[in-house]
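A.B. asks: One structure follows; several queries about it will come next.
What follows is calculated from the coordinates using simple rules that are stated; it is not laboratory data. Predicted model only: the values in this text are computed from it and were never measured. Heads up, the Cβs are rebuilt from the backbone with ideal geometry, glycines too, and the neighbour counts pull from every protein chain shown.
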Ligand SMILES: O=C(O)CCC(=O)C(=O)O
Ligand SMILES: [Fe+2]
């Protein structure tokens with residue numbers, strides 16, 4: 001895993017709100033990521049990608065945007081080893097220029113053959129804390145191309161985003177009703193070879209094209225929450241019990257639900273090194 005970041009890359013991320021890192025994984029690592037994610041998704045559902053039951057239910061537009069499986073790190077040991085990697089946390093903290101990062105949630109996002117496009121949206125407004133520094137990694141498990149639904153970003157939109165959002169619905173341009181000032185921005189496609197990745201700010205407008213091919217476009221993603229982020233009243237991935245236990249303003253520091261991946265302070269680093277052996 002190539003976790004090295006140059007100052008130029010960090011500056012470019014801060015300016016544009018996203019960065020593509022080519023050749024992030026070695027071919028061997030890519031194989032492990034693919035196998036681990038496939039295994040975890042298979043175990044969640046009943047079949048390789050979609051169970052028959054899900055196929056019968058897959059009637060809504062969103063079901064055909066992608067197969068989405070959240071928090072695979074929590075029930076799959078192989079995915080857990082890949083996602084709970086302090087190297088990922090350090091990259092995220094360096095890009096965001098914060099001291100520490102926790103896992104918010106991971107998710108496999110798998111565009112089926114002929115999948116719908118992913119409408120323009122922001123990520124952080126869905127989540128249970130509000131942060132201008134939060135970000136996600138998106139790891140390409142297959143080549144992501146203009147044909148099969150690579151990501152697109154509106155460069156710089158993170159700077160003027162408020163926390164208003166739209167759902168990922170059938171009108172991919174709904175977001176421009178909230179942010180008409182973004183209508184003139186030229187979208188930047190992020191084509192990538194399998195094993196490359198991108199990071200994007202939780203407030204940047206992004207989406208993905210339709211999958212116009214008979215092949216799969218698999219991606220594994222993870223959202224990173226800056227350490228010290230506080231509950232904003234939204235449930236998102238929190239269980240009913242956790243949700244009921246928080247008051248707005250409480251720091252989300254549950255090490256079971258949101259493990260600390262990385263922190264610059266030495267005592268944290270030593271503790272994390274001990275945990276990861
Ligand atoms: O993979 C996609 O189609 C969308 C990805 C996305 O929205 C994200 O990773 O935040
Ligand atoms: Fe997103």
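A.B. asks: Calculated from DSSP H runs of 4 or more alone, at -39500 (n - 2.57) each and per residue, what is the 222 nm mean residue ellipticity of the chain, nearest 500?
C.D. replies: After summing the helix terms and dividing by residue count, I get -7500 deg cm²/dmol.
A.B. asks: Hey, another quick one. Testing the spin-label approximation: label points 7 Å from Cα along Cα→Cβ at residue 4 and residue 171. State their distance in nm.
C.D. replies: Modelled inter-label distance: 4.8 nm.
A.B. asks: While we're here: Given 37 °C and 0.692 mPa s, compute D for the stretch 95-171 with the Stokes-Einstein relation, Rh being the Kirkwood radius over Cα pairs; round to the nearest whole µm²/s. Kindly include the intermediate steps, with their values, before the conclusion.
C.D. replies: Details: Rh = 14.7 Å.
Approximately 223 µm²/s, per Stokes-Einstein.
A.B. asks: Of all alpha-carbon pairs in the stretch 215-256, indicate the percentage at a distance above 15 angstrom.
C.D. replies: Considering the stretch 215-256, 51 percent of its Cα-Cα pairs are separated by more than 15 Å.
A.B. asks: Kirkwood-based Rg over Rh for the chain (C-alpha set), two decimals? Mind dumping the intermediate values first?
C.D. replies: Working: Rg = 17.9 Å, Rh = 19.1 Å.
Radius of gyration over Kirkwood radius for the chain works out to 0.94.
A.B. asks: Let me ask you something else. Please report, largest first and rounded to whole Å, the three semi-axes of the ellipsoid equivalent to the stretch 129-277, where each semi-axis is the square root of five times an eigenvalue of the C-alpha gyration tensor.
C.D. replies: Gyration-tensor ellipsoid for the stretch 129-277: 30, 22, 15 Å.
A.B. asks: What's the center-to-center distance, using Cα atoms, between the stretch 178-216 and the stretch 110-149 in Å?
C.D. replies: The stretch 178-216 and the stretch 110-149 have Cα centres separated by 7 Å.
A.B. asks: When N is the residue count of the stretch 73-210, what does its C-alpha Rg come to as a fraction of 2.2 N^0.38 Å?
C.D. replies: For the stretch 73-210, the normalised Cα radius of gyration is 1.06.
A.B. asks: Could you grab the relative contact order for the stretch 10-276? Cα pairs under 8 Å, six or more apart, rounded to a whole percent.
C.D. replies: Result for the stretch 10-276 is 29 percent.
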